[in-house]
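Each reported figure results from applying straightforward, stated rules to the coordinates on display, with no laboratory input. Nothing here was measured: the structure is a model prediction, and the numbers come from that model. Cβ placement follows ideal geometry from the backbone for every residue including glycine, while neighbour counts extend to all protein chains displayed.
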Amino acid sequence: MQSAHKRWRLALGRAAVFAVAITLLGLSLAGARSAKNSPTNSSGVLSPDKGKLKILLDGQPIGTEEFEIAVSGSKWTARGTTELRVRQGASARVSGTLVLQPNGAPVSYEWTSQNDKKNGASIRFENGVAKMTLQLQGAKQPFEQDLTFGSPLISVLDNNLYHHYAILARLYDWSKRGAQSFPVLIPQELTPGTISVEASGTQGANGKSYEGLRVSTSDLEVLLSVDKDHRLMRLEVPSAKVSVVRE
């Protein structure tokens with residue numbers, strides 16, 4: 001089994017990953033151990049949300065994401081579409097639909113990406129197992145893979161779909177606070193692993209006060225700012241000079 005080396009990176013122009021993507025890489029199942037403060041949400045934790053996010057690289061706008069998180073029957077559905085301007089004036093588009101139980105556990109996920117090629121995948125989650133079917137343009141047949149996690153409460157954090165961090169902010173147990181560990185899946189990378197999430201105190205931005213949330217691996221941090229209702233307002237990766245701001 002490969003080592004539990006962890007890092008974030010910006011992924012630029014790959015078959016299933018393109019433009020500015022905040023990605024967890026190299027996370028092995030060996031590193032996906034449950035921490036003492038791992039949340040065990042059993043009731044509804046999600047809340048309706050809808051908005052538009054502006055994506056900036058080194059202070060310059062490079063794209064937007066429109067998303068909605070809403071009740072759908074007995075479950076919840078989170079949909080998002082990101083439009084990005086990539087190198088040499090080309091554009092890229094990625095869309096995702098995530099179906100969740102009221103406690104935030106994923107039921108299914110589908111994504112499509114299109115720049116020079118169109119790729120996509122569908123995933124079913126059953127008892128802590130992600131059953132994935134990946135379809136790449138030009139491939140003779142789909143690629144299938146099963147990934148096993150230690151818990152059904154998996155955080156899906158896909159490339160270029162930043163509203164997934166809004167869901168993560170809901171999964172965090174704010175009443176307990178402290179560092180909490182989550183199994184995580186990055187579908188476009190076919191990568192499972194674990195992340196640590198911890199409240200970082202009150203933050204100020206543009207004259208407003210927000211609650212901070214630090215998402216980290218061993219060598220890099222993503223900083224979230226949420227309002228009093230725990231809606232995602234801002235996401236930053238200081239080392240990559242990436243910011244995502246709610247409009």
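List of remarks:
- Residue match in segment 93-104 (condition: of a type in the set (A, V, I, L, M), in contact (Cβ under 8 Å) with a residue 12 or more places away in the chain and more than 23 Å from residue 71 (Cα to Cα)): no
- Count - residues of segment 160-206 that are over 22 Å from residue 123 (Cα atoms) and polar (S, T, N, Q): 8
- Within segment 181-196, not a single residue is closer than 26 Å to residue 49 by Cα, under 19 Å from the mean Cα position of the chain (by Cα) and acidic (Asp, Glu).
- Cβ pairs under 8 Å, 6+ apart, first in segment 48-69 and in contact (Cβ under 8 Å) with a residue 60 or more places away in the chain and farther than 22 Å from residue 99 by Cα, second aromatic (Phe, Trp, Tyr) and buried (at least 16 other Cβ atoms within 10 Å of the Cβ): 55/162
- Matching entry among 199, 179 (being of a type outside the set (Val, Ile, Thr), surrounded by 18 or more Cβ atoms within 10 Å (Cβ to Cβ) and out of contact with any Phe, Trp or Tyr (no Cβ under 6 Å at 6 or more places or on another chain)): 199
- The lone exception for residue 212 - which of (1) surrounded by fewer than 19 Cβ atoms within 10 Å (Cβ to Cβ); (2) touching a residue at least 24 places away in the same chain (Cβ under 8 Å); (3) small (Gly, Ala, Ser) it fails: (2)
- Only one of the numbered conditions (1) in contact (Cβ under 8 Å) with a residue 12 or more places away in the chain; (2) under 23 Å from residue 54 (Cα atoms); (3) surrounded by fewer than 21 Cβ atoms within 10 Å (Cβ to Cβ) is violated by residue 113, and that is (3).
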